[in-house]
Number of protein chains: 2
Amino acid sequence: MIKKISIGDIATALNISKSTISFIINGKGKEKRISSALTEKVLQYIDENGYKPSRLAQSLSTGKTMIIGLMIEKISDYFFAQMAYHIEEIAYQNGYKIFYCSTDNDPDKTRELIQLFRDRNVDGYIITPPAGMEKEIQSLLDEGSPVVLFDRYYPDIESSYVILDNFKASYNASKYLADNAFAHIAFITLDSNQSQMEDRKQGYAKAMAEHGLEVIIEKIPYGNDPAQTVKQLVRFLRQNKRVDAVYFATNYLAFSGVKAINQLGYKIPGTMAIIAFDDHQVFDFYEPTITAVAQPISELAGQSIRVLLSLLNKPLEERAVQKVIVPAHFIIRDSTARLL
Amino acid sequence: MIKKISIGDIATALNISKSTISFIINGKGKEKRISSALTEKVLQYIDENGYKPSRLAQSLSTGKTMIIGLMIEKISDYFFAQMAYHIEEIAYQNGYKIFYCSTDNDPDKTRELIQLFRDRNVDGYIITPPAGMEKEIQSLLDEGSPVVLFDRYYPDIESSYVILDNFKASYNASKYLADNAFAHIAFITLDSNQSQMEDRKQGYAKAMAEHGLEVIIEKIPYGNDPAQTVKQLVRFLRQNKRVDAVYFATNYLAFSGVKAINQLGYKIPGTMAIIAFDDHQVFDFYEPTITAVAQPISELAGQSIRVLLSLLNKPLEERAVQKVIVPAHFIIRDSTARLL
DNA sequence: TAATTAAACAAAACCAGTTTAGCAAAATGA
DNA sequence: TCATTTTGCTAAACTGGTTTTGTTTAATTA
């Protein structure tokens, strides 16, 4: 168990002061008029004895931890796991480490987690906020903490965010079905008032209105277990026999939807066309392949962390709110084919 | 921007010393013979003014950061994302935060990441090590850092680990196919010498030997892109027409395998039975549903973090190496049915 | 040549805690 | 009654850095 060497040890060994060493390490040698001879000597000593400054001590004195708090709905979810992967990569390239946590979309848990991150002095936050966290987010902003909301946002709060253009993406997907002569298009969504869900619904509604089609919406309780959802959807489809296309607001709703449709013995495509919002690796491998609105995850993640880094690199007064809206990709696959 | 109050501020305000406050906060009041009157007064002040000790300062002086370093192959992978979710939960319950990172199974990257975590003074590690990291892991152990290896381990190193009983699970799955009269069972695996992959191969080989069946193994290069894998598998199946069952060593190999099998126009089940190692939510939703060897992720994760916590809670000399081997669940679904 | 400036570094304060050693007053004991 | 112990707390050292202020000596400048 070799104990690590500290800046004080070097100071003693070379018989110079800690400050001198600190200046040299931080590249302030010339500025502070340290002779190149001494600079050389110190750097060599460091090199030979493998010194690394303690991040803890640095953090304590500078107030910066070089830690980013990543609060997402659920790390085990495909979409967020992908997010985490991309964010991690860029954060590490920039010398940041990441604390992650899953909010489970629970306001109380989220409140606690924000407090925990705050206690740990994270330098900045990337958050997919549950509904109703306005006060907490605002208080982070008031403290001067860089915050980037992700996936959803609060219209009433002046914070940076990175989101998908849910409205347009949803409109386009719905319009596609309508343009292809599907006449009874159902929208299966979550019973949630989060901004992204609301936008998806609005996009669907607009497309229906433009085509003079009926709005058929079925809401699934948030956090339902899949089996329950399947049951509810079977019931729904039985009661709405005229429905010839189903548009699911999330990919896991589509999973349950497909099960329900299969249970009813309907054919995809043929009896029923389907589209899922939020692509999944499986949609491309399932038979039939499933048409989806794809979120460009790597771009969303990249934008989020880049916006946060740009905030972190600027002094408080220069930080401008950045609102990024990323367009979705519409991937047409077999599940929306029009059979002759 | 309200600046936080420090222990020094309280000391000044109450005109007592910092040490007294520190003792009280840490429950050493009686031990240090602080009067209950003063204790009460301090606690009340803290309560009223919302004081929280700085974790940074605590970490600096105690040497404990209450941070766990979680190094997994890839956070975006379903299995590891689930792991991360469960580990997070238990860690947070115990006051720990988590740094995560993805090794991508790259030894150089992993070496760097270990160094980064070490520099950050994480208290303990949970690691799914790439092949050839023996030296680095050993050096962590030599330093006295609690380490739990996960998913795979090094036979030559005396470290704690939590792994699946890959050999037995693989043996059982292979035996199931043989018992059900499949006669030419191929094993599709990765070109990797990691312990878990080796164990899976051995399990398969033993079952084949016991049934006097031919060993047919196809290795896919690690990190292949799925399209490449599909091509390779199509070629393999064309050249091995006698194969009537395929057993995939990972779930994503099975994804590519199903695509390949579909491309060839084979029926599952019927022409071909398949089993995948490592269950996936999709296997239960695909038509046909796919038989799989399921890793009890929540148990694996729970054991890992619990073993680590038990190490963290003990002084160095009391820490015993803990080797946990968890049995798998074999989930029989439609893809291995024997059609009449 | 004396005053000023620059060079090169050191000392000390600071971040916010923990912990060891110590000290005065009160209580106990012989 | 005086020495010893206990009580109740404080001072100071320590964790390992950063940053502001000081100090000495040498080189310029007037």
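A compact table of results
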quantity	calculated
7 Å along Cα→Cβ, label-point gaps from A:Ala183 to other copies, nm, shortest first	5.5
Proximal aspartates and glutamates to B:Lys206, defined as alpha-carbon separation beneath 16 angstrom and excluding residues fewer than eight positions away on the same chain	B:Asp165, B:Asp179, B:Glu198, B:Glu214
Accessible surface, the stretch A:110-250, averaged per residue in Å² (probe 1.4 Å)	39
Where a label projected 7 Å from the Cα of A:Ala183 along Cα→Cβ would reach, residues of the stretch A:241-282 with amide N under 19 Å	A:241-247, A:267, A:270-274
Alpha carbon centroid spacing (whole Å) that separates the stretch A:51-78 from the stretch B:306-331	27
Cut-off under 5 Å, modelled amide H: who pairs with A:Val148 long-range	A:Tyr125, A:Ile126, A:Ile127
Relative contact order (%) - chain A, alpha-carbon pairs under 8 angstrom, separation at least six	16
Most positive-pole-ward Cα, B:Phe187, B:Tyr222, A:Ser19, against dipole of the protein assembly as shown from beta carbon charges	A:Ser19
Cα-centred dipole magnitude for the protein assembly as shown, charges only on beta-carbon of K, R (+1) and D, E (-1), debye, nearest 20	600
Protein-only accessible surface order, largest first, of A:Lys97, B:Lys41 at 1.4 Å	B:Lys41, A:Lys97
Chain A: angle of helix A:226-239 to the longest principal axis, Cα-based, in degrees nearest 10	30
Most mobile of A:Thr110, A:Thr250, A:Thr62 in a GNM of chain A (Cα contacts under 10 Å)	A:Thr62
Cross-link pairs beyond the 22 Å C-alpha cut-off, checked among A:Lys135/A:Lys219; A:Lys4/B:Lys323; A:Lys64/B:Lys4	A:Lys135/A:Lys219; A:Lys4/B:Lys323
³J(HN,Hα) computed for each position of the stretch B:12-21 - Karplus, 6.51 cos²θ - 1.76 cosθ + 1.60, integer Hz, glycine/proline x	4, 4, 8, 6, 10, 8, 4, 4, 4, 4
Centre separation in Å (Cα based) which lies between the stretch B:29-43 and the stretch B:180-240	68
Unit charges on C-beta of K, R, D, E only; dipole of the stretch B:7-53, Debye	260
Total accessible surface hidden between A and B, rounded to 100 Å², 1.4 Å probe	4900
MRE, 222 nm, helices only [DSSP H, n ≥ 4, -39500 (n - 2.57), over chain B, to nearest 500]	-13500 deg cm²/dmol
Cross-link pairs beyond the 25 Å C-alpha cut-off, checked among B:Lys201/B:Lys231; B:Lys109/B:Lys314; A:Lys28/B:Lys18	B:Lys109/B:Lys314; A:Lys28/B:Lys18
Within the stretch B:89-176: Cβ-based charge dipole about Cα centre, in debye rounded to nearest 20 (Lys, Arg +1; Asp, Glu -1)	280
Nearest-first distances (nm) between copies at B:Lys323, label 7 Å from Cα via Cβ	6.0
Within 10 Å of each Cβ in B:31-39, the average number of Cβ atoms from other chains	0
The protein assembly as shown: antiparallel DSSP beta bridges as a percent of all, rounded to 5	10
Accessible-area composition of chain A, carbon plus sulfur, in percent [1.4 Å probe]	50
Distance between modelled label sites at B:Ala227 and A:Glu48, nm, 7 Å Cα→Cβ extension	5.6
With Cα atoms, 0 to 90° folded angle of helix A:251-263 axis to chain A main axis	30
Average beta carbon contacts from partner chains per residue of A:68-74, 10 Å cutoff	1
Formal net charge of residues neighbouring A:Thr62 (Cβ-Cβ distance under 13 Å; K, R +1; D, E -1)	+1
Shortest-first nm distances, B:Glu112 label point to equivalent points in other copies (7 Å, Cα→Cβ)	3.7
Among A:Phe236, B:Ser170, A:Asn105 - extreme Cα towards positive end, dipole of the protein assembly as shown, charges at beta-carbon	A:Asn105
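The values are calculated or read from the model by the stated rules, or taken from the named source; none is laboratory data. Everything numeric here is computed off the predicted structure, so don't read it as measured data. So basically every Cβ, Gly included, is an ideal-geometry build from the backbone, and we count neighbours across all protein chains shown. We work out accessible area using only protein heavy atoms, side chains counted, and drop any ligands, DNA or RNA first. Shrake-Rupley method; radii C 1.70, N 1.55, O 1.52, S 1.80 Å.
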